[in-house]
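Accompanying notes for the structure given below.
The values are calculated or read from the model by the stated rules, or taken from the named source; none is laboratory data. In this text, all values refer to a predicted model and were calculated from it rather than measured experimentally. Every residue, glycine as well, gets a Cβ built from its backbone with ideal geometry; the counts of neighbours run over all protein chains shown.
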Amino acid sequence: MLEQYGYVGILLIVAILFTVTIPLLPILLKAIGLIPQKKNPTKSSQYECGMQTIGKTWVQYNFRYYFLAVLFVLLDMLTIFLYPWAVNIKELGVGGLAAVGIFLIILTVGYVYAWRKGALEWK
Amino acid sequence: MTLLEQFQLLLKNANWPDWAVYLTPAIAGILLILVFVLTIIIVFIWWERRLLGRFQLRTGPNRCGPEGIFQPIATAIKILLKEDIVPDKADKLLHFVAPIIVFVPILMLFAVIPVGEGAILVDLNIGIIYIIAISSISVIGIFMASWASNNKYSLIAGMRAIAQMVSYELPVVLSIVGVALVAGSFSMLKIVEAQGIPYILQQPLGFIIFFLGALAEMNRSPFDLLEADSEIVAGYHIEYSGMKFAMFYLGEYGIVLAYAGIMATLFLGGWQGPLLPPIVWFLIKVVIIFSFIIWMRATLPRLRVDQLMSFAWKFLLPMAVINLVIIAVEVLVLPLSMQWLIIILNFGFAAALILLWSKLFTLGGGRVEV
């Protein structure tokens, strides 16, 4: 069993080596002189062909999906509980379905409440 | 028994040392995966540009090689020789690391996608959960890219990327549960073997939800809000050039290939099919899905942000839960021999639910500040 995850690990190592090599290629070619390198303050400014940005970019940012993120965490829990039930549905039978049904009803009440309160709106 | 394990057995019988028995098949398999993925990506790039050209009544690239098949290679050489520009105010380290973090998980996904009978790197017994876990890492790389670029447009794109990922993760995950319910396993090989009739017939609603959710997760049109050229220019990769940009570009097609493979495996019967060899069937299914995605890109306009979010939360999520309950009841109540009844029932349910739900609410109108 664990041997299989060893393969995943090897794949991870190879993938990282492969992907690190690609952005390093230009640096190598630059040393040979194949790639042009002409520094210019305008060229290396932000959004070169457009207007100068007003103010700083790295500021506190009002992201509009705070409630959605909270809801996501809650509902992701739902899926974690559903997965073990899904593979064993035949053994758990009607009892298991009823348990999951009650679980879903509780979550649905919360979901409807959130919808009514307007937490699902992008405002 | 997968091909990899057979290879291992062969080496063991030839009295190779233990570490070589373990490593050689792995390296061979991984190299095969890399070659496979890169080749298909190159073909996909050509296919998309060509097909998009036909959709717009022009020929598309047709100069390099027969039918322009070498155009992506020419593009790659051009991109390789571009100057590598990093903005002065950018976070240099994150700017370098971001494309790597985007691309590595995409390659990792191919470990559990079976391309033929037993042709899989590792047949994990939690294959689906592995896919869900790994596929959501890419968005961190996208956000890193957008933050490190120190550009307001790209920051907006990064915020949108996370909002999109957070919203569409749930329907995707829930629609896969439906597949696991019927197949009774998370292992990708077992799911393919369990499909006498492809699950797209058995669970049409699940397939539609998964398709739309996956479309949003791989940021394709009409959900490509984070690179919306008309408003935020190019989104998260606006400050990237040269090979680093190429990584994002490759990654975009890589994730489409991965998701098309996952869709083919979960819903279309994977490598199963009559007459032709398994790998050909797999490729046919993947190309059909990819062509369908291009078709949607050529046809549909881009959604607005608030429409995008409410589509996920108010339409796909309840649908996914209802779909799950229907399938669970059917698995418990109806015996397996009544497949055709299940198929007819589910098509009826899908049509009725989609019609009812689209009457029930609208995606909002008027102006919304983003």
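If B:Met247 passes every condition in (1) modelled with pLDDT under 85; (2) under 20 Å from B:Gly158 (Cβ atoms) but one, which one does it miss?
Of everything listed in (1) modelled with pLDDT under 85; (2) under 20 Å from B:Gly158 (Cβ atoms), B:Met247 misses just condition (1).
For every residue, the table says whether it meets (1) more than 30 Å from A:Lys38 (Cα to Cα); (2) modelled with pLDDT under 85; (3) not aromatic (Phe, Trp, Tyr).
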position	(1), (2), (3)
B:Lys82	no, yes, yes
B:Val86	no, yes, yes
B:Leu94	no, no, yes
B:Phe103	no, no, no
B:Phe110	yes, no, no
B:Ile140	yes, no, yes
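Among the listed residues B:Ile73, B:Ile45, B:Ile79, B:Ile41, which satisfies the condition of being in contact (Cβ under 8 Å) with a residue 60 or more places away in the chain and more than 30 Å from A:Gly9 (Cα to Cα)?
On the way: B:Ile73 fails: in contact (Cβ under 8 Å) with a residue 60 or more places away in the chain; B:Ile45 fails: more than 30 Å from A:Gly9 (Cα to Cα); B:Ile41 fails: more than 30 Å from A:Gly9 (Cα to Cα).
Within the list B:Ile73, B:Ile45, B:Ile79, B:Ile41, the selection yields B:Ile79.
Among the listed residues A:Tyr47, A:Tyr83, A:Tyr61, which satisfies the condition of being in a helix (DSSP H, G or I) and of a type in the set (Ser, Thr, Tyr)?
When all the criteria are applied, what remains is A:Tyr83.
Hey, among the residues in segment B:13-35 that are more than 13 Å from chain A (Cβ to nearest Cβ) and part of a helix (DSSP H, G or I), which one's surrounded by the fewest Cβ atoms within 10 Å (Cβ to Cβ)?
Out of the qualifying residues, it is B:Asn13.
Report every pair of residues separated by at least 6 positions or lying on different chains whose Cβ atoms are under 8 Å apart, first residue within segment A:99-115 and within 9 Å of another protein chain (Cβ to nearest Cβ) and in a helix (DSSP H, G or I), second surrounded by 15 or more Cβ atoms within 10 Å (Cβ to Cβ) and among the charged types (D, E, K, R).
A:Trp115/B:Lys314
Mind listing just one residue for me: the one in segment B:68-126 that is small (Gly, Ala, Ser) and assigned to a loop (DSSP other than H, G, I, E, B) and, of those, farthest from the other protein chains (Cβ to nearest Cβ)?
B:Gly118
Pairs, please: C-beta under 6 Å, at least 6 apart or cross-chain, first residue free of Cβ contacts under 8 Å to residues at least 24 places away in the same chain and in segment A:20-38, second small (Gly, Ala, Ser)?
Pairs found: A:Pro26/B:Gly242.
Checking the condition surrounded by fewer than 20 Cβ atoms within 10 Å (Cβ to Cβ) and either outside the structural domain of B:Ile279 (by TED's automatic domain parsing) or not in a helix (DSSP H, G or I) (or both), which residue from B:Ile132, B:Ile197, B:Ile162 passes?
On the way: B:Ile132 fails: either outside the structural domain of B:Ile279 (by TED's automatic domain parsing) or not in a helix (DSSP H, G or I) (or both); B:Ile162 fails: either outside the structural domain of B:Ile279 (by TED's automatic domain parsing) or not in a helix (DSSP H, G or I) (or both).
The unique qualifying residue is B:Ile197.
With the requirement that a residue be in a helix (DSSP H, G or I) and farther than 20 Å from B:Ile208 by Cβ, what does segment B:256-280 give you?
Correct list: B:Leu257, B:Pro278, B:Ile279, B:Val280.
Of the numbered conditions (1) without any contact (Cβ under 8 Å) to a residue 24 or more places away in the chain; (2) on the phi < 0 side of the Ramachandran plot, B:Gln195 satisfies every one except a single condition; which is it?
B:Gln195 satisfies every listed condition except (1).
Taking A:Gln46 as the residue in question, decide whether it is closer than 28 Å to B:Ala163 by Cβ, more than 9 Å from chain B (Cβ to nearest Cβ) and not hydrophobic (A, V, I, L, M, F, W, C).
Answer is no for this residue.
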